[in-house]
Amino acid sequence: MIEINTIGAGAGSIAWLDGAKGLHVGPRSAGSEPGPVAYGRGGTEPTVTDASLVLGRLHPDRFAGGQMSLDLEAARQALTDKIAKPLGLSVEEAAAGIIRIANANMEKAIRVSSAEKGYDPRSITLVAFGGAGPMHAAALAKAVSIPTVLVPNQPGVFSAVGLVMADIRHDFVESRILRRQQMTVESLGPLYAALEQSANEALTEDGIPPDDRRLHRSADLHYVGQAYEVNVPVLDGVLDGAAIDAAVQRFHELHQQLYAHNHPDKTVEFVSGRVAAIGLTSAPPLR
């Protein structure tokens with residue numbers, strides 16, 4: 001699973017004015033049918049794509065690898081009629097305003113996502129994929145102080161390629177409430193052994209040979225009385241006292257990272273054990 005924070009600021013997002021002539025971008029989208037005005041498929045509302053075309057960020061004759069031409073004049077006319085004239089701006093100023101607002105929406109989402117996970121933006125890489133993502137990436141990275149942008153090869157089909165190349169995965173979980181002093185090899189060993197047996201059976205059914213299997217243990221822990229848990233890895237290999245101690249220590253560290261506080265003196269409680277069963281698949285290397 002991948003946690004996704006979706007916002008209404010894509011290439012097809014429609015630019016519009018409210019009753020007070022405030023400029024907005026999204027969440028309504030022109031989609032691919034009829035699509036932006038520049039597609040020439042019946043779209044009448046200016047979009048982020050139309051603004052990018054007007055600003056020269058897209059070439060009208062090189063869209064989709066040259067398989068599709070964009071109507072620059074139609075895009076300019078739509079932006080002029082719907083945005084520029086009512087606001088007393090040039091069409092280029094209107095287009096630049098649309099891009100700035102779209103970027104601001106995405107910038108807010110990046111800030112929230114990184115802050116919620118306790119990540120410093122200066123330590124992460126922004127991966128820009130989708131057909132239009134790379135056009136916005138440098139401005140977003142600069143705005144939130146991300147030092148590196150990674151644009152994959154053929155970003156427009158990056159998600160689809162990832163889906164085809166992804167490893168097989170099954171997740172198994174069993175709940176059992178145990179206080180810290182009850183978290184022993186004797187109590188957790190059989191729990192994880194049963195989960196790992198189920199994991200291996202699932203991978204056997206998938207036809208995954210033993211050498212291409214990876215089993216990863218984790219545990220949902222919390223402080224006694226909390227209504228939410230933090231998932232922490234439990235060292236793979238032999239499950240011994242040291243592995244359990246390391247998991248509890250990692251819980252304190254992750255709690256600090258996620259919530260800006262922890263309580264090493266409070267009792268930790270085990271809520272659920274988890275095993276992720278990974279079946280490795282052969283995939284070509286990505287440049």
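Annotations for the structure displayed:
- Residue in segment 157-173 that is open to solvent by less than 50 Å² (accessible area, probe 1.4 Å), assigned to a helix (DSSP H, G or I) and more than 25 Å from residue 7 (Cα to Cα) present: yes
Okay, residues lined up against (1) surrounded by 13 or more Cβ atoms within 10 Å (Cβ to Cβ); (2) within 30 Å of residue 283 (Cβ to Cβ); (3) among the polar types (S, T, N, Q):
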site	(1), (2), (3)
182	yes, no, yes
189	yes, no, no
194	yes, no, no
214	yes, yes, no
230	yes, no, no
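- Of all residues in segment 232-243 being in contact with a Phe, Trp or Tyr (Cβ under 9 Å, 6 or more places away or on another chain) and touching a residue at least 40 places away in the same chain (Cβ under 8 Å), the one that is farthest from residue 214 (Cα to Cα): 239
- Answer residue from segment 111-131, given it is of a type in the set (D, E, K, R) and either outside any helix (DSSP H, G or I) or open to solvent by less than 40 Å² (accessible area, probe 1.4 Å) (or both) and is nearest to residue 254 (Cα to Cα) among those: 117
- For segment 216-225, a residue qualifies if it is touching a residue at least 40 places away in the same chain (Cβ under 8 Å) and exposed (fewer than 15 other Cβ atoms within 10 Å of the Cβ), and exactly one does: 224.
- Summed over segment 70-110, the residues that are in a loop (DSSP other than H, G, I, E, B), open to solvent by 60 Å² or more (accessible area, probe 1.4 Å) and without any contact (Cβ under 8 Å) to a residue 24 or more places away in the chain give a count of 2.
- Any hit, segment 178-192, residues being in a strand (DSSP E or B) and at pLDDT 95 or above: yes
- Among the candidates 58, 53, residue that is in contact with a His (Cβ under 9 Å, 6 or more places away or on another chain), open to solvent by less than 40 Å² (accessible area, probe 1.4 Å) and either under 22 Å from residue 106 (Cβ atoms) or free of Cβ contacts under 8 Å to residues at least 40 places away in the same chain (or both): 53
- Segment 203-212 - residue that is open to solvent by 20 Å² or more (accessible area, probe 1.4 Å) and in a helix (DSSP H, G or I) and, of those, nearest to residue 281 (Cα to Cα): 212
Every residue, every condition in (1) touching an Asp or Glu at 6+ places or on another chain (Cβ under 7 Å); (2) among the polar types (S, T, N, Q), yes or no:
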position	(1), (2)
214	no, no
217	yes, no
222	yes, no
226	no, yes
238	no, no
247	no, no
251	no, no
255	no, no
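The values are calculated or read from the model by the stated rules, or taken from the named source; none is laboratory data. As the structure is a prediction and not an experimental result, all values here were calculated from the model. Cβ coordinates were reconstructed from backbone atoms using ideal geometry, including for glycine residues, and neighbour counts include every protein chain displayed. Surface areas here come from the heavy atoms of the whole protein model, side chains and all, with no ligands, DNA or RNA. Shrake-Rupley method; radii C 1.70, N 1.55, O 1.52, S 1.80 Å.
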